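Input: a single structure, listed below in structure tokens.
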Amino acid sequence: MSEIDQLRGEVLAAVTAASDVPALENVRVDALGKKGRVTGLMKNLGTMSPEDRKTFGQQLNLLKTEIEDAITARRATLDSAALDAKLATEKMDVTLPVRPELKGSLHPISQTMDEMAAIFGAMGFTIAEGPDVEDDFHNFTALNFPPGHPAREMHDTFFLPTAPDGNRYLLRTHTSPVQIRTMLSEKPPIRVIIPGRTYRCDYDMTHTPMFHQIEGLVIDTETNMTHLKGCLQEFVRSFFGVDDLTIRFRPSFFPFTEPSAEMDIGCSRQGGELKIGNYGDWLEILGCGMVHPNVLKSCGLDPEVYQGFAFGMGVERVAMLKYGIPDLRTFFESDLRWLKHYGFAALDVPSLTGGLNR
Ligand code: DAH
């Protein structure tokens, strides 16, 4: 047997015998490392005649590839055996009861958004989403905020550094840009709600730099303000669980709606305590209106054919009202005691038939 054949036999046997990754690595170093046996034979090539060097060199290269392939294959076998062993020891029994001290709860924001989705879902709305990082077109221009319009300043926008494409991206200041994205990508009839994060550079008892909004958009050929009114009345009555809750509309201004309104619900502030219901006092709850013809045009919709309504509200604000949470900032402090107190059972999905909050 030639020297090469003998070496092949020994190394390949060692590869097969290697029982774990470090042992296999030792075999590799022994054969192919700087001071390895194959490398050693390679070094001898210099002392050989040209013909011998050619045949011997080719055989050595072949041997080297063969050993490398054997090591790779063995490595794959060892890796998969190691993974199997790990999976076997890390097996868990999902039927074990939950340890009470480890029980998680749903954040009131998630709960509130789930409740809203259940109510609007029953009215036939679906959920639409868009990116947190927006461009000027979707956040402002297409929503009928002309360049230089003072309403842009009201939003205390977080701008990103100018991008290589020349755009000045920003963190969306409201969920309304997703109205634009929806109208550009879907054909009417449209009936969506848009929950999501929004950002403004502001911080005090009633403002945080990140907060949540939920937006509504309906576009069809015969949509008018009575639809808006009926839809929002139904929503607040279900959400606050007051069957005959009265609502009131006050004229307002938003660039993207005409006419625009703010909606109030009945409440009482007697004795410094806020109660939702028909007690003669009023509480502002959301902004709304009929989608402005310019907005429809920005999205390629003919305002002579299509109309629609939109509304937007702050999720934290209505959560605070519904669940008696006094300070907005506590929503984002991740204080476990707060989460335990205001959190909700993680497995109870809100529904109109099963109950919104249990
Ligand atoms: N985007 C408005 C804001 O953040 C809220 C809003 C008002 C949304 C009226 C609407 C609307 O869709 O019709 O202040």
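The values are calculated or read from the model by the stated rules, or taken from the named source; none is laboratory data. It should be emphasised that the depicted structure is a prediction, and the values quoted were computed from it without experimental measurement. When we count neighbours, we look across all protein chains shown, and the Cβ atoms used for this are built from the backbone with ideal geometry, even at glycine.
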Review point. Any residue in segment 247-263 that is away from the ligand (no atom under 16 Å from the Cβ) and closer than 18 Å to M320 by Cα?
Key: no
Review point. Given the conditions (1) buried (at least 17 other Cβ atoms within 10 Å of the Cβ); (2) free of Cβ contacts under 8 Å to residues at least 40 places away in the same chain; (3) away from the ligand (no atom under 16 Å from the Cβ), and given that I276 satisfies all but one, which numbered condition is not satisfied?
Key: (2)
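So that you can scan it fast, the table gives a plain yes or no per residue for (1) farther than 30 Å from T353 by Cα; (2) aliphatic (A, V, I, L, M):
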{"residue": "T198", "(1), (2)": "yes, no"}
{"residue": "T208", "(1), (2)": "yes, no"}
{"residue": "L217", "(1), (2)": "no, yes"}
{"residue": "D220", "(1), (2)": "no, no"}
{"residue": "K229", "(1), (2)": "no, no"}
{"residue": "L232", "(1), (2)": "no, yes"}
{"residue": "E258", "(1), (2)": "yes, no"}
{"residue": "A261", "(1), (2)": "yes, yes"}
{"residue": "Q270", "(1), (2)": "yes, no"}
Review point. For segment 247-273, how many residues meet the condition of being in contact with a helix residue (DSSP H, G or I) (Cβ under 6 Å, 6 or more places away or on another chain) and among the aromatic types (F, W, Y)?
Key: 1
Check your understanding: Picking from R152, R197, which residue would you name as being in contact with a Leu (Cβ under 9 Å, 6 or more places away or on another chain) and assigned by TED's automatic domain parsing to the domain that holds G124?
Key -> R197
Check your understanding: Right, K322: exposed (fewer than 13 other Cβ atoms within 10 Å of the Cβ) and in a helix (DSSP H, G or I) or not?
Key -> no
Practice item. With the condition kept exactly as written, say whether any residue in segment 184-198 is outside any loop (DSSP other than H, G, I, E, B), near the ligand (Cβ under 10 Å from one of its atoms) and among the aliphatic types (A, V, I, L, M). Key: yes
Review point. Among the residues of segment 279-302, how many are within 16 Å of the ligand (Cβ to nearest atom), free of Cβ contacts under 8 Å to residues at least 40 places away in the same chain and either surrounded by fewer than 20 Cβ atoms within 10 Å (Cβ to Cβ) or over 23 Å from A261 (Cβ atoms) (or both)?
Key: 2
Review point. Among the candidates I109, I4, which residue alone is assigned to a helix (DSSP H, G or I), under 30 Å from P195 (Cα atoms) and of a type in the set (A, V, I, L, M, F, W, C)?
Key: I109
Exercise for review: Scan segment 158-183 for residues that are within 13 Å of the ligand (Cβ to nearest atom) and either over 20 Å from P255 (Cβ atoms) or in contact (Cβ under 8 Å) with a residue 40 or more places away in the chain (or both) and jot them down.
Suggested key: R172, H174, T175, S176, P177, V178, Q179, I180, T182, M183
Review point. Any residue at all in segment 328-337 that is touching a helix residue (DSSP H, G or I) at 6+ places or on another chain (Cβ under 9 Å), within 16 Å of the ligand (Cβ to nearest atom), modelled with pLDDT of 95 or more and assigned to a helix (DSSP H, G or I)?
Key: no
Point to revise | Complete set of residues in segment 187-214 that are under 28 Å from C231 (Cα atoms) and without any contact (Cβ under 8 Å) to a residue 24 or more places away in the chain | key: K187
